[in-house]
1. Accessible area per residue of the chain at 1.4 Å probe, in Å²?
2. If a/c stays under 1.5 just call it rounded; otherwise compare a/b with b/c (prolate if a/b is bigger, oblate if not). Do that for the chain, with a ≥ b ≥ c from the square roots of the Cα gyration tensor eigenvalues.
3. On the accessible surface of segment 8-50, probed at 1.4 Å, how many percent belong to carbon and sulfur atoms?
4. Segment 1-102: which trypsin sites (Lys or Arg not before Pro) are DSSP loop and have at most 10 other beta-carbon atoms within 10 angstrom?
5. Starting with the highest mean, order 176-186, 430-440, 31-41 by the number of other Cβ atoms within 10 Å, averaged over the residues of each peptide.
6. Given a Förster radius of 25 Å and the C-beta distance between Ile327 and Leu49 as r, what FRET efficiency does 1/(1 + (r/R0)^6) yield to the nearest 0.05?
7. Compute the distance in nm between two label points, each set 7 Å from the Cα along the Cα-to-Cβ direction, one at Val298 and one at Lys5.
8. Under DSSP H, which helices of the chain have Cα atoms covering 20 Å or more of the helix axis and a Kyte-Doolittle average no less than -1.0?
Amino acid sequence: MATLKEKIGYALGDAAAGGITWKVMSIAFPLFFTNIFGLTVADTATLMLIARMFDVVTDPLMGSLSDRTQSRWGTYRPWLIYGAIPFGLIFALLLYTPDFGMTGKRIWAYSLYLLMMAVYTAVNVPYGSLLGVMTDDDNEKNQFSAFRMVGAYAMGFITLLSFPLIIEMIGGEKIGGEYTAAAKQHQYALIGLIFGVLAAAGTLACGLLTKERMKPVRAEKFSFKPFADLFRNKPWIILTLIGVCMNFFNGFRYAVAGYMFEYCMHGDVTVSGMIINYTAFMTFGEATCMVFGGVSPVFTKKVGSKRMAFLWAGVICFVTSILFFFIPMDPAYIWVMIAVVILTSIGIGIYSPLLWSMYADVADYATEKNGTSSTGLIFSSGTMAMKFGTAISGSLVVLLLGIAGFMSGTNEVTGETIITITDMESVRSMVWMLFSLFPAVIVVIMMGLLYVYPIKK
């Protein structure tokens, strides 16, 4: 039976990956690349699209490779132990803005972003696969998944809440009450360093504190058969599409939040001395997800199955997303917006742990059907769905804002970031829909997929 120390150790893995690196990449990166780093809208969108094509290859390969790893640390844990430092270091470098022209910035951003995706895969695919070898008890798998999500959302809460506070602590030169471009670049570079160290520490702790109790049933040699078997595995196909939808839903909201405060709220909102910026705004949702991620196993047991719990959570997300669209686009309604975000996050908190527990069910189904373990390969598809859904949605956010009239770039002479908006009302309307109506449509698709998902656990 797994100990509390192991469950906390497992939670630290997603606190590092989901609560720090992925949270910052999902929420801050689109705005960072266009408004601070100085990439154009087209460059930013293309960067994310290229990275996703890269992941289509690397994620399944990493899953297959990790399944065949043998070491004194086990099958999956060595990837966490030895990958921790590169993971934190590359993340830190990605938030640094070099003093280059546009071409140099493109090379820096593209190279490091692709490298970050590769090392994220090398750490996170084995991390997800750990769930399949730490226990064979279904209830305990649900508990590990719940700890994972609580860890991710608790750290996400800390990350987003501390983000504006760290910016203020770092400070820098201001003109007209606003930080200069150079000051913002310095702030993000130090934020990258701080959170990079924390991400490395959490990943290393996860590798050292967890245990692998079960031995994967290994294939004797590398073969493409496990890849072919995936596409004959109906539960895997449906669940992976569900995972993509989940991360499209979250990705639209995360990626557009910074633009929402910049252009719909006209900057940070101050209420009774409390400063609410885009990261603080999303913190309310993180806290709610943390609580309901812990409640998820109890709720699942009450409704009778993971599938039904997921469906009910989807209903919550759909209704509240539609509701948000009808809130007036005015800072005076900030608490109404926060209330609706909290309600939406109840649904997100319930369904988030279920996806990974359901992947464990699919891995068990595949082992029983095919005779050999493909746990790493199957869990890699969950990571790929996460990265694909989040980054493609982020890319679409930037592209759609460009269509609406938003443009960005770098002055080749001064190196300063240039922002031009040709139609402010169009941009504001697009931002609002990207936070509400677009996610609502995605939930409808996700619920349709859940309806035909065949595993009834």
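The values are calculated or read from the model by the stated rules, or taken from the named source; none is laboratory data. Since we're looking at a predicted model, the values are computed, not measured. Backbone-built Cβ (ideal geometry, glycine too); neighbour counts: all protein chains shown. These accessible areas exclude ligands, DNA and RNA; they are computed on the full protein's heavy atoms, side chains included. Shrake-Rupley method; radii C 1.70, N 1.55, O 1.52, S 1.80 Å.
1. Details: 17590 Å² over 457 residues.
Value returned for the chain: 38 Å² of accessible area per residue.
2. prolate
3. Numbers: 540 of 680 Å².
Using a 1.4 Å probe with all protein chains present, segment 8-50 comes out at 79 percent carbon and sulfur.
4. Qualifying residues, ordered by number: Arg72.
5. 31-41, 430-440, 176-186
6. It comes to 0.20.
7. Output for this residue pair reads 2.8 nm.
8. Answer set is 41-67, 77-94, 102-129, 138-170, 181-209, 234-259, 278-303, 306-325, 334-370, 375-404, 437-452.
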